[in-house]
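Step one of this worksheet: look at the structure below.
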């Protein structure tokens, strides 16, 4: 075999992803060397506790608690520490020392992306983060490079495996949210504290990253409208199923024009929505992820695969690592993020969506007319209406599907419905996405 | 706006893809300039006949019949001429003149890939070809870069939109191949001479490109085993449907170990196969394409979208163009193809598959035993057997599903069955792929 010079790789963090990255780097060293044209030498693994028990047995001589020294001796730093600090400082230190950086840290990118990209650009360092969104699925590189000559109009992403597992289980077994969550926890798909997942926080971070990248702008996680799945009921899932829909937690990134001002803007939002069964996203089962992209020229595209898992996510980290290493071998600086567009992020009230609203109403003449008037007053057009009366009951159930309308108008409509004397309760409000 | 220096882009060919590339380059010049950091200046479009009628009206002053002069005045050459010559000579000339090249020419890559990649590597030029496989779907870049640190084990691709349209229509409407092809022609999904599509030639070229890339080796199109869909009958599609399968024309690229010699090898092959309805590929309808990739670490991934169409494929061309232009702005040579592995391509007889065989047999005692003996003699294990007798007939229909066995043993089994006195006819032989 040809002898190449070597590239020093420093790994920060040896959790479920980090330990798999280390294992693959060590086990496939020869094959990777051939592909890169240089030896990828794992020079150290920075951890908090060198004696901690790990999923994968790692060579003791590589473990260190001194992350800063490891960074100084590395050409490429892989940050898999997670969280904001000390990850942020370590990444900045790595960039400052002339290293390229691979990270899978979505929280860090969603809150400090612009700072980190600017630091990397200033010194010509590469900052890659394929592993930060949708685990093993190549989505960052396709958006960043393959679609760089196209115009992304919309992204609908199932980017959180835990909630997709829960909603899929509710859909296929009729389970309650509570029971489905219990199963997810039992099978290791949900963490002991599932708030980040079921509250939509994890998906919101990914939406911020995807929107920033797709629209060449900067969308901070605080600008992402976020609703989790905690209010999704077995009844809602069952009604959706009967109507030909499935409930999915979607991260939605959209390029749009404010209907009133005509201003260009983008929207990034996360909420459970009704997706038609015929949409490719409806067939994403279990803890899988998928990102559905609509681009002006390319049309609809979908990227599907495992959204989490140590070894799966390690594949994405290694892909970034090899790309950077090849660049180092062939020469040339990293490619900067293109965030020149600086498009404003529109708040949720200014976007247009469709609602599916379920009401319990009193079963008496004139009710429909009153309901219809409330919609008309708020300028919301009804597309579909279905009324069912249980025998012997004085209540009727109305399921109303709206046409596209401004989110604020829809919200006001729902508020007015809730206060109407003929409405006993607003049983369910869900947005409808992915109409084909 | 900041003024950037410009990059001269020469376009060869103005067919359905080329004319859309020209249109997008001209219409989106400002947006692309922002993303690239330099103006992409379309300096000329080489065509055979400057007065020919085209899908898109192009500025007359850009049209030229002098491709060679255009190449000499271009920093990046986009080759969308198609076919082998003069495309090959023009690409070599472009590389020789110091230009980078984007091509969507699958025929050229499948037959002359190694020559072109070697020429590009020698001078540090980039040769990109996302548009050559699966139209708008980003598959080349994910395989080349995102999965560069992983190990691709297998690719199952629906890479020909025409045949997928035909088979999907046969599946959903019960149409014959002839009728479905007529519809495809009528709707513009099939060309006047559909041989390249329905004969599997187009898919075989794409299989050669995918296998070369995925396994870091060189698989010439001549080494791809190819069967088209011309023999697929409405009966086969209907039986498949009843058994929970759908017939798809698959391009299969597989890394495998020869069961006899223990040698590592790869297989690239194209044939209609039975795919379980539950497989993500079964949900690929119409003229869409999808590539299902199984990688060691990443697990299963799927890439889905439009496999053809002028503007869709133009998106892939522009993605390559922008990536190369960014590289030119930031400095540094192109990335060479990594074909160092040189893994042998195993011929079809040495791979293992599963067969579904339908036989018409005489309905008399002892027939099953004789059939079973033929399978046993060839070392092929039967997984499933279903017998049905039509009333008043002296014939029975046997549908036999085998376990995995060597392709050569399966072929010999089928040949022996055809010669058996108890077999009236071998009605159908299809391979089964994508078992979950």
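The values are calculated or read from the model by the stated rules, or taken from the named source; none is laboratory data. Here the structure is a predicted model, which is why all the values come from computation and not from measurement. Using ideal geometry, Cβ is built from the backbone for each residue, glycine included, and neighbour counts are taken over all protein chains shown.
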**Prompt:** Which of the residues that make up region B:303-312 are under 14 Å from the mean Cα position of the chain (by Cα) and at the interface with chain A (Cβ under 9 Å from one of its Cβ atoms)?
**Reply:** B:303, B:304, B:305, B:306
**Message:** Just to confirm my filter: which strands (runs of 3 or more DSSP E) fall fully inside region B:287-398 and include at least 2 residues that are surrounded by fewer than 19 Cβ atoms within 10 Å (Cβ to Cβ) and either at pLDDT below 90 or out of contact with any helix residue (DSSP H, G or I) (no Cβ under 8 Å at 6 or more places or on another chain) (or both)?
**Reply:** B:352-362, B:382-389
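Of everything in region A:194-205, what is surrounded by 15 or more Cβ atoms within 10 Å (Cβ to Cβ), out of contact with any strand residue (DSSP E or B) (no Cβ under 6 Å at 6 or more places or on another chain) and over 30 Å from residue B:319 (Cβ atoms)? Give them in sequence order. Please lay out each step first, then the result.
Pass one, region A:194-205, residues surrounded by 15 or more Cβ atoms within 10 Å (Cβ to Cβ): A:194, A:196-205.
When the remaining residues are screened for being out of contact with any strand residue (DSSP E or B) (no Cβ under 6 Å at 6 or more places or on another chain), the result is A:194, A:196-199, A:201-202, A:205.
Hits for region A:194-205 are A:194, A:196, A:197, A:198, A:199, A:201.
So which of B:219, B:237 is more than 20 Å from residue B:288 (Cα to Cα) and outside any strand (DSSP E or B)?
Working: B:237 fails: more than 20 Å from residue B:288 (Cα to Cα).
On inspection, the qualifying residue turns out to be B:219.
Just checking, how many residues over region A:144-167 are over 14 Å from the mean Cα position of the chain (by Cα) and within 14 Å of another protein chain (Cβ to nearest Cβ)?
We begin by selecting, within region A:144-167, every residue over 14 Å from the mean Cα position of the chain (by Cα); these are A:144-153, A:165-167.
Narrowing further to those that are within 14 Å of another protein chain (Cβ to nearest Cβ): A:144-153.
Total meeting the criteria: 10.
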**Message:** I'm trying to understand the selection: among the residues of region A:120-143, which are surrounded by fewer than 24 Cβ atoms within 10 Å (Cβ to Cβ) and at positive phi?
**Reply:** A:124
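Please state which one of B:281, B:256 is closer than 25 Å to residue A:311 by Cβ, buried (at least 19 other Cβ atoms within 10 Å of the Cβ) and either modelled with pLDDT of 95 or more or not assigned by TED's automatic domain parsing to the domain that holds residue B:409 (or both).
Working: B:256 fails: buried (at least 19 other Cβ atoms within 10 Å of the Cβ).
It is B:281.
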**Residue check for residue A:91: outside any helix (DSSP H, G or I) and closer than 22 Å to residue A:22 by Cβ** = no
**Asked** Looking at (1) assigned to a helix (DSSP H, G or I); (2) buried (at least 21 other Cβ atoms within 10 Å of the Cβ); (3) in the same structural domain as residue A:274 (by TED's automatic domain parsing), can you tell me which one residue A:172 breaks?
**Response** (2)
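Considering each of A:35, A:5, A:48 in turn, give the residue that is surrounded by fewer than 18 Cβ atoms within 10 Å (Cβ to Cβ) and more than 16 Å from residue A:62 (Cα to Cα).
Details: A:35 fails: surrounded by fewer than 18 Cβ atoms within 10 Å (Cβ to Cβ); A:48 fails: more than 16 Å from residue A:62 (Cα to Cα).
When all the criteria are applied, what remains is A:5.
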**Request:** Check residue B:162 against each of (1) in contact with a strand residue (DSSP E or B) (Cβ under 8 Å, 6 or more places away or on another chain); (2) crowded, with 24+ Cβ neighbours inside 10 Å; (3) at negative phi and name the one condition it does not meet.
**Result:** (1)
**Message:** Can you say whether residue A:118 is under 21 Å from residue A:217 (Cβ atoms), in a helix (DSSP H, G or I) and either in the same structural domain as residue A:324 (by TED's automatic domain parsing) or within 16 Å of the chain's Cα centre (by Cα) (or both), as far as the supplied structure shows?
**Reply:** yes
**Prompt:** Looking only at residues in region A:121-142 that are more than 9 Å from every other protein chain (Cβ to nearest Cβ) and assigned to a helix (DSSP H, G or I), which one is nearest to residue B:295 (Cα to Cα)?
**Reply:** A:131
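Out of B:278, B:315, B:267, B:296, I need the residue that is in contact (Cβ under 8 Å) with a residue 24 or more places away in the chain, within 28 Å of residue A:316 (Cα to Cα) and away from chain A (no Cβ under 14 Å). Which one? If you could, list the steps in order and put the result at the bottom.
Working: B:278 fails: away from chain A (no Cβ under 14 Å); B:315 fails: away from chain A (no Cβ under 14 Å); B:296 fails: away from chain A (no Cβ under 14 Å).
So the residue among B:278, B:315, B:267, B:296 that is in contact (Cβ under 8 Å) with a residue 24 or more places away in the chain, within 28 Å of residue A:316 (Cα to Cα) and away from chain A (no Cβ under 14 Å) is B:267.
How do the helices (runs of 4 or more DSSP H) wholly within region B:14-73 filter down when requiring 3 or more residues that are within 30 Å of residue A:143 (Cβ to Cβ), within 14 Å of chain A (Cβ to nearest Cβ) and under 31 Å from the mean Cα position of the chain (by Cα): which remain? Walk me through how you get there before you give the answer.
Values: elements: B:16-27, B:29-36, B:67-72.
It comes to B:16-27, B:29-36.
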**Message:** I'm trying to understand the selection: among the residues of region A:175-193, which are buried (at least 19 other Cβ atoms within 10 Å of the Cβ) and either within 14 Å of chain B (Cβ to nearest Cβ) or not in a helix (DSSP H, G or I) (or both)?
**Reply:** A:189, A:190
**Message:** I need the full set of residues from region A:216-259 which are closer than 19 Å to residue A:347 by Cα, more than 20 Å from the chain's Cα centre (by Cα) and touching a residue at least 40 places away in the same chain (Cβ under 8 Å), in order please.
**Reply:** A:258, A:259
